[in-house]
Amino acid sequence: MPPLPAPPPINPGSGVAPVPPPPSEPIPTFDLRVQDLSHPGVAKFNWAVPKLNDAMKGAVQASFRWLYAPETIPADVQTILLVLRSMDGVAYTTGHRHFKEIHFSLDYIAKCSEDRDLAAKEIQGVLVHEVVHCYQYNAHGQCPGGLIEGIADFVRLQAGYEAPHWKQKGGEKWDAGYSTTAYFLKWIETRYGTGTVIELNEAMKDRDYHRRIFKKLTGRPVRKLWKIYRRSLGENPDLPVPVPAPGPGPGDEEKLVDLGGGDEMQERLIVAKDL
């Protein structure tokens with residue numbers, strides 16, 4: 001058999017360079033602990049989320065997609081333990097650099113919709129929110145709690161798992177947290193370009209927090225941004241925000257309990273209305 005012909009030489013001036021393979025995503029190991037198999041929330045969870053590993057992986061990938069550029073995705077988190085147990089509130093996240101725990105209330109899960117798709121969306125939304133807490137930067141623990149929670153709900157919103165009761169609104173404080181801040185961040189992302197929240201997260205890595213961070217990213221102070229945003233919603237930011245009359249109601253259930261702090265440990269207990 002005659003020898004095979006040599007391949008044609010590559011023209012060094014052609015401008016064609018080999019395309020490097022995309023970097024592999026550092027997906028952690030997922031573990032599960034269920035404290036009471038007889039709890040009705042367990043059956044609801046398994047019914048709504050039959051492929052838990054895929055659900056957790058999707059939550060991690062949502063954090064990577066909306067908080068990091070491909071080359072800056074951190075590989076510190078090695079294990080995420082999901083704990084399903086009876087408790088007040090909805091969920092909280094705790095842990096250290098390499099190991100995270102997400103505690104998710106079986107009592108809350110049991111009350112999720114009887115519509116499978118709606119229940120699955122709500123559960124996945126909570127998982128996305130909590131997984132963000134495993135990965136986001138917090139400016140040496142100095143980042144306002146409302147911004148921390150707003151970034152988590154921003155990722156949940158961008159990933160398509162917003163809660164049915166969420167409404168885009170302004171109000172007095174840009175860092176009121178949760179969906180209020182999430183929609184504000186989405187507006188910033190739309191106005192100033194995809195990746196702005198990635199830059200915001202990166203700017204809180206290994207450095208102290210100051211609200212001037214928004215001016216560096218957008219050219220405008222955050223209070224000015226908030227006024228422009230409120231005007232876009234039809235609100236007048238120059239008028240005082242009406243204070244609701246005191247009395248019992250759904251708002252009485254809102255609370256955030258910070259049980260830790262700093263870079264190595266954080267716990268947040270969130271009630272249903274906040275998510």
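The numbers here are math on the coordinates, done by the rules we state, and not lab data. Given the structure is predicted, the values throughout are model-derived calculations rather than measurements. Glycine gets a Cβ as well: all are built from the backbone with ideal geometry, and neighbour counts include every protein chain shown.
Under 5 Å from the amide H of Leu81 lie the amide H atoms of Asp31, Lys100, Glu101, Ile102, each residue being 5 or more positions distant or on a separate chain, with H modelled from the backbone and absent for Pro and chain starts.
When +1 charges are put on Lys and Arg Cβ atoms and -1 charges on Asp and Glu Cβ atoms, the dipole computed for segment 62-117 relative to its Cα centre reaches about 160 debye. Protection proxy ranking for 105-117, 122-134, using the average of other Cβ atoms within 10 Å per residue and placing the highest first: 122-134, 105-117.
Computed from backbone phi, the HN-Hα couplings of segment 135-149 come to 10, 6, 7, 9, 6, 6, x, 9, 4, x, x, x, 6, 4, 6 Hz, rounded to whole numbers (Karplus: 6.51 cos²θ - 1.76 cosθ + 1.60, θ = phi - 60°; Gly and Pro given as x).
A straight Cα-to-Cα reach below 16 Å connects Lys215 with the lysines Lys224, Lys227, residues fewer than 8 places away in its own chain not being considered.
Each residue of segment 53-68 was assigned a 3J(HN,Hα) from its phi angle through the Karplus curve 6.51 cos²θ - 1.76 cosθ + 1.60 (θ = phi - 60°); the sequence is 4, 5, 5, 5, 4, x, 5, 5, 5, 5, 4, 4, 5, 9, 10, 9 Hz, with glycine and proline shown as x.
Scalar couplings 3J(HN,Hα) for segment 231-238, obtained by applying the Karplus form with A = 6.51, B = -1.76, C = 1.60 to θ = phi - 60°, are 5, 5, 8, x, 8, 9, x, 8 Hz; x denotes Gly and Pro.
Net length available on complete extension from Lys224 to Arg207 is 3.7 nm, with 0.36 nm assigned per residue and the Cα-Cα distance removed.
Rank the residues Tyr183, Tyr209 as a footprinting-exposure proxy: fewest other Cβ atoms within 10 Å of their Cβ go first. Let's see the in-between values first.
Working: Tyr183 22, Tyr209 17.
Fewest to most other Cβ atoms nearby, the residues stand as Tyr209, Tyr183.
Which net charge results for the neighbourhood of Asp31, defined as the other residues with beta-carbon distances under 12 angstrom from its beta-carbon, given Lys and Arg at +1 and Asp and Glu at -1?
Working: positive: Arg33, Lys100; negative: Glu101.
Residues close to Asp31 contribute a combined charge of +1.
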